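Chemist: Let me give you the structure first, and then I'll get to my questions.
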Ligand code: SF4
């Protein structure tokens, strides 16, 4: 595509932030490439797009390998009566490629934009509004605008039924509303594209909305350590403070109403010391019943359900790590399970776990609602485990609680109670340097090793990294509990 032509993706980026679009076009090397988790989202989008085509029988796949061919083949077929997939429309210096352009009679067309999300967002409407503007500028008559997105109530039985997997919503009225002022917005973004200098844009909520901007590490780098953006759950108020020139937590005005947790945080920043509420920690520890089972699941989820009886984006557990401590004085023994093969991993995983989790004793998880939900969904899929799962739910203890309640807080947590921050703060054990260091990445890596085309060597490495990562989550919980016992005296 010629650099002077504005695509719909760049239009949306430009609306979000002039600086981001300019950098993307003029200094693309400064924009980090998408990570594996983001790439997985893109790949899912393509799979969903391909599936949506089945709703339009007889459609023509317009070639996309070459910009000019895409436009030419589209033009050659605009007189016909076949739906067009990936039709390319160039109108002056704006261009869009449409997921589906469907003939609607009397020479008019319907635009159908396919999304892998489960709801319609404002940015999707703007996306379609740009397509309509582009098509109409090129002389096409547009009748209706629709969004086809994932119906999260769909349950897979047998082959995927695209008519049921997708919700197709007519968004013509919303698109018409969003189209007011669109021509001016297009002009504005085109002007940004041709600027010689990078536009000056300050940081703000737009850095994460509607898309997480990949330039954040650069644009936000000027902030000092312990900036007001680390203030626990301060939300939009942080930007108000920032606009008023307050960057550091130590500069918060007296008049600023901190809640109890934020006050602890600010005090810890000032003293450089950890805050410890021994009594609350003690009562948390008293609630533990030995043997204690430290449990962590890893899951993956896909827009198009892979297995019978599952719904879009259902969390499918494929791995667990379990550390078992018979008492507080001795070490814990680790057990683990990592699914092999491409079949539904849940039956074997449930059977393994059932063998290992005894009849009594606390089951400790970090952010327990997740483990509870995974177990509940296991029972829903495998009713023979229902009674067992019912018996487990009351034994589950959330290790997040003492930290989200600020019974313990260390300034190096930077306003976060996540395991990834708490573990290093308490024990010095870090996730830095691990090849897999978060749950999303774990799911994506497992998918690549199991359903992708990873080589045998890559597959082995991924599985090894998964064992290390999941093992650190449960081993880390063991270490945290030891520290809490030491602290509580
Ligand atoms: S981080 Fe924010 S200010 Fe910087 S380019 Fe991205 S959106 Fe713009």
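Chemist: Only residues that are in contact with a helix residue (DSSP H, G or I) (Cβ under 6 Å, 6 or more places away or on another chain) and within 16 Å of the ligand (Cβ to nearest atom): list them for the range 31-66, please.
Modeler: Correct list: 31 only.
Chemist: So, one more: Can you pull out the residues in the range 210-229 that are touching a residue at least 60 places away in the same chain (Cβ under 8 Å) and either farther than 18 Å from residue 31 by Cβ or away from the ligand (no atom under 15 Å from the Cβ) (or both)?
Modeler: Within the range 210-229, 226 is the sole residue that qualifies.
Chemist: Taking residue 256, is it assigned to a strand (DSSP E or B), touching a residue at least 12 places away in the same chain (Cβ under 8 Å) and either under 16 Å from residue 408 (Cα atoms) or out of contact with any helix residue (DSSP H, G or I) (no Cβ under 6 Å at 6 or more places or on another chain) (or both)?
Modeler: On the way: assigned to a strand (DSSP E or B): no; touching a residue at least 12 places away in the same chain (Cβ under 8 Å): yes; either under 16 Å from residue 408 (Cα atoms) or out of contact with any helix residue (DSSP H, G or I) (no Cβ under 6 Å at 6 or more places or on another chain) (or both): yes.
No; evaluated as a whole, the condition is false for this residue.
Chemist: Look at residue 363 and say whether it is touching a strand residue (DSSP E or B) at 6+ places or on another chain (Cβ under 6 Å) and touching a residue at least 12 places away in the same chain (Cβ under 8 Å).
Modeler: Numbers: touching a strand residue (DSSP E or B) at 6+ places or on another chain (Cβ under 6 Å): yes; touching a residue at least 12 places away in the same chain (Cβ under 8 Å): yes.
The answer is yes for residue 363.
Chemist: Among the residues of the range 147-161, are any in contact with a strand residue (DSSP E or B) (Cβ under 8 Å, 6 or more places away or on another chain) and under 23 Å from residue 183 (Cβ atoms)?
Modeler: Initially, the range 147-161 is screened for residues in contact with a strand residue (DSSP E or B) (Cβ under 8 Å, 6 or more places away or on another chain), giving 147-151.
Next, only the ones that are under 23 Å from residue 183 (Cβ atoms) stay: 147.
Yes, because at least one residue in the range 147-161 is in contact with a strand residue (DSSP E or B) (Cβ under 8 Å, 6 or more places away or on another chain) and under 23 Å from residue 183 (Cβ atoms).
Chemist: Scan the range 396-410 and give yes if some residue there is assigned by TED's automatic domain parsing to the domain that holds residue 327, buried (at least 16 other Cβ atoms within 10 Å of the Cβ) and over 19 Å from residue 280 (Cα atoms), otherwise no.
Modeler: Taking every residue of the range 396-410 in turn, none turns out to be assigned by TED's automatic domain parsing to the domain that holds residue 327, buried (at least 16 other Cβ atoms within 10 Å of the Cβ) and over 19 Å from residue 280 (Cα atoms).
Chemist: Here is a follow-up. Identify all residues within the range 59-81 that are within 21 Å of residue 303 (Cβ to Cβ) and in contact (Cβ under 8 Å) with a residue 40 or more places away in the chain; write none if there are none.
Modeler: 59 - this is the single residue of the range 59-81 that is within 21 Å of residue 303 (Cβ to Cβ) and in contact (Cβ under 8 Å) with a residue 40 or more places away in the chain.
Chemist: State yes or no: is residue 476 touching a residue at least 40 places away in the same chain (Cβ under 8 Å), surrounded by 20 or more Cβ atoms within 10 Å (Cβ to Cβ) and part of a loop (DSSP other than H, G, I, E, B)? If you could, list the steps in order and put the result at the bottom.
Modeler: Values: touching a residue at least 40 places away in the same chain (Cβ under 8 Å): yes; surrounded by 20 or more Cβ atoms within 10 Å (Cβ to Cβ): yes; part of a loop (DSSP other than H, G, I, E, B): no.
Criteria not met by residue 476.
Chemist: Any idea which of (1) more than 30 Å from residue 235 (Cα to Cα); (2) without any contact (Cβ under 8 Å) to a residue 60 or more places away in the chain; (3) part of a helix (DSSP H, G or I); (4) in contact with a strand residue (DSSP E or B) (Cβ under 8 Å, 6 or more places away or on another chain) is the one residue 143 doesn't satisfy?
Modeler: Checking residue 143 against (1) more than 30 Å from residue 235 (Cα to Cα); (2) without any contact (Cβ under 8 Å) to a residue 60 or more places away in the chain; (3) part of a helix (DSSP H, G or I); (4) in contact with a strand residue (DSSP E or B) (Cβ under 8 Å, 6 or more places away or on another chain), the one that fails is (3).
Chemist: Which pairs have Cβ atoms under 7 Å, sit 6 or more apart or on different chains, and link a residue in the range 45-58 that is farther than 19 Å from residue 301 by Cβ to one that is loosely packed, with under 14 Cβ neighbours inside 10 Å?
Modeler: So the pair list comes out as 55/163.
Chemist: Still on this model: Could you tell me whether the range 341-356 includes any residue that is touching a strand residue (DSSP E or B) at 6+ places or on another chain (Cβ under 7 Å), within 20 Å of residue 472 (Cβ to Cβ) and assigned to a loop (DSSP other than H, G, I, E, B)?
Modeler: Checked the range 341-356: no residue is touching a strand residue (DSSP E or B) at 6+ places or on another chain (Cβ under 7 Å), within 20 Å of residue 472 (Cβ to Cβ) and assigned to a loop (DSSP other than H, G, I, E, B).
Chemist: Hey, another quick one. Criterion first (farther than 18 Å from residue 8 by Cα, at pLDDT 95 or above and more than 16 Å from the ligand (Cβ to nearest atom)) does residue 168 satisfy it? Outline the logic, then answer.
Modeler: On the way: farther than 18 Å from residue 8 by Cα: yes; at pLDDT 95 or above: yes; more than 16 Å from the ligand (Cβ to nearest atom): yes.
Judged against the criteria, residue 168 is a match.
Chemist: Starting from residues that are assigned to a helix (DSSP H, G or I) and surrounded by fewer than 18 Cβ atoms within 10 Å (Cβ to Cβ), keep the ones in the range 189-205 and report whichever is nearest to the ligand (Cβ to nearest atom). First the steps, then the outcome.
Modeler: Filtering the range 189-205 for residues assigned to a helix (DSSP H, G or I) gives 189-193, 205.
From what is left, the residues that are surrounded by fewer than 18 Cβ atoms within 10 Å (Cβ to Cβ) are 191, 205.
On the way: 191: 17, 205: 9 Å.
Among residues in the range 189-205 that are assigned to a helix (DSSP H, G or I) and surrounded by fewer than 18 Cβ atoms within 10 Å (Cβ to Cβ), the one nearest to the ligand (Cβ to nearest atom) is 205.
Chemist: Do you know which residues across the range 1-19 are within 14 Å of the ligand (Cβ to nearest atom) and free of Cβ contacts under 8 Å to residues at least 60 places away in the same chain? Talk me through it step by step, then tell me what you get.
Modeler: From the range 1-19, those within 14 Å of the ligand (Cβ to nearest atom) are 10, 12-19; that's our starting set.
Result: no residue meets the conditions.
Chemist: Within the range 221-246, can you find the residues that are touching a strand residue (DSSP E or B) at 6+ places or on another chain (Cβ under 8 Å) and surrounded by fewer than 16 Cβ atoms within 10 Å (Cβ to Cβ)?
Modeler: Our first condition is that a residue be touching a strand residue (DSSP E or B) at 6+ places or on another chain (Cβ under 8 Å); within the range 221-246, this holds for 224, 226-228.
Correct list: 224 only.
Chemist: Residue check: is residue 262 surrounded by 14 or more Cβ atoms within 10 Å (Cβ to Cβ) and either within 16 Å of the ligand (Cβ to nearest atom) or part of a helix (DSSP H, G or I) (or both)? Spell out how you get there, then give the answer.
Modeler: Numbers: surrounded by 14 or more Cβ atoms within 10 Å (Cβ to Cβ): yes; either within 16 Å of the ligand (Cβ to nearest atom) or part of a helix (DSSP H, G or I) (or both): yes.
For residue 262, the condition - surrounded by 14 or more Cβ atoms within 10 Å (Cβ to Cβ) and either within 16 Å of the ligand (Cβ to nearest atom) or part of a helix (DSSP H, G or I) (or both) - is met.
Chemist: Can you tell me which of 425, 449, 435 is within 22 Å of residue 320 (Cβ to Cβ) and assigned to a helix (DSSP H, G or I)? Give the derivation first.
Modeler: On the way: 425 fails: within 22 Å of residue 320 (Cβ to Cβ); 435 fails: assigned to a helix (DSSP H, G or I).
Exactly one residue qualifies, and that residue is 449.
Chemist: Moving to a separate point now. Considering each of 184, 136, 159 in turn, give the residue that is more than 18 Å from residue 9 (Cβ to Cβ), more than 16 Å from the ligand (Cβ to nearest atom), assigned by TED's automatic domain parsing to the domain that holds residue 59 and not in a loop (DSSP other than H, G, I, E, B).
Modeler: Details: 184 fails: assigned by TED's automatic domain parsing to the domain that holds residue 59; 159 fails: not in a loop (DSSP other than H, G, I, E, B).
Exactly one of 184, 136, 159 is more than 18 Å from residue 9 (Cβ to Cβ), more than 16 Å from the ligand (Cβ to nearest atom), assigned by TED's automatic domain parsing to the domain that holds residue 59 and not in a loop (DSSP other than H, G, I, E, B), namely 136.
Chemist: Let me ask you something else. Taking the condition surrounded by fewer than 21 Cβ atoms within 10 Å (Cβ to Cβ), closer than 30 Å to residue 277 by Cα and in contact with a helix residue (DSSP H, G or I) (Cβ under 8 Å, 6 or more places away or on another chain), does residue 382 pass? It would help to see each step written out before you state the result.
Modeler: Details: surrounded by fewer than 21 Cβ atoms within 10 Å (Cβ to Cβ): yes; closer than 30 Å to residue 277 by Cα: no; in contact with a helix residue (DSSP H, G or I) (Cβ under 8 Å, 6 or more places away or on another chain): yes.
Against the criterion (surrounded by fewer than 21 Cβ atoms within 10 Å (Cβ to Cβ), closer than 30 Å to residue 277 by Cα and in contact with a helix residue (DSSP H, G or I) (Cβ under 8 Å, 6 or more places away or on another chain)), residue 382 does not qualify.
The values are calculated or read from the model by the stated rules, or taken from the named source; none is laboratory data. Please read all numbers here as calculations on a predicted model, not as lab measurements. Cβ atoms come from the backbone with ideal geometry, glycine included; neighbour counts cover every protein chain shown.
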